[in-house]
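Report on the following structure.
The values are calculated or read from the model by the stated rules, or taken from the named source; none is laboratory data. This one's a predicted model, so the numbers in the text were calculated from it and none came from an experiment. Counting neighbours? That spans all protein chains shown, and the Cβs are built from the backbone with ideal geometry, glycine included. Heavy atoms of the whole protein, side chains included, go into the accessibility calculation; ligands, DNA and RNA do not. Shrake-Rupley method; radii C 1.70, N 1.55, O 1.52, S 1.80 Å.
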Amino acid sequence: MMTQTESDRFVRGRGSVTVTTRKGRKVRIRHIRPTDAGLLVDLFHHLSPETRRFRFFTALPDLPDDILWREARRYADFNERKQAAFIALARENEKDHAIGVVRLVLDKNDPDTAEFAIVLRDDYQREGLGTIMLDLLIQLALVRGIKRLRGISLADNEGVHRLIQKCGFPVESHTSHGETTQIIYLE
């Protein structure tokens, strides 16, 4: 568990936090940096077809390297006034590997609302890491004065629906055309 000082420093963009999953694995979470594209490419290659479908709304095949790297660079290097993202890292074979990402993007038409998304590598799901990462993102949103977080997922993505429902804030859900929109009210 992190102290209030560590939490305050972290949500303001400095430092990292180390957490322990339910299985006892140590994971370091920090803000994404522009140099993290390689970590994001590696994460993509370690997602199952089902996890890819849940995150990207289609079971993306292995993409050509040029497209994958271009997208990874775009996801790693963004305008910090309009977006934020955390990356979860695990040490494997003496090297850091990305095992999860959570991000938010401010709604350009409503500065009180941000859309968020989360993805975890399959072998780290159901260990409490998604809950921790969403909690950190909510803390960051609160510090930034965001009043609503909107998550859009496939209607059959029960894992993310449960994650959002247990976030500790009021949630409104609506399902239409195979997609579920959930609004977390932070006010």
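What the table below lists for this structure:
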quantity: Extreme residue, positive dipole direction of the chain, given options Q182, G145, L106 (C-beta unit charges); calculated: G145
quantity: Whole-percent carbon and sulfur share, accessible surface of the chain, 1.4 Å; calculated: 49 percent
quantity: Relative contact order %, the chain, counting alpha carbon pairs below 8 Å whose residues are six or more apart; calculated: 18 percent
quantity: Within the chain: Cβ-based charge dipole about Cα centre, in debye rounded to nearest 20 (Lys, Arg +1; Asp, Glu -1); calculated: 560 debye
quantity: Shape of the chain, Cα gyration tensor, a/c cut at 1.5; calculated: rounded
quantity: Inter-label distance for R74 and H177, nm, one decimal - labels placed 7 Å from Cα along Cα-to-Cβ; calculated: 2.1 nm
quantity: Rg ratio (alpha-carbon, reference 2.2 N^0.38 Å) - the range 63-138; calculated: 1.23
quantity: Efficiency of FRET from Cβ geometry, D112 and D135, R₀ 22 Å, rounded to 0.05; calculated: 0.65
quantity: Ordering of 172-180, 16-24 by burial proxy (mean other Cβ atoms within 10 Å per residue, highest first); calculated: 16-24, 172-180
quantity: Relative packing of 107-113, 162-168, which averages over residues the other C-beta atoms within 10 Å, highest first; calculated: 162-168, 107-113
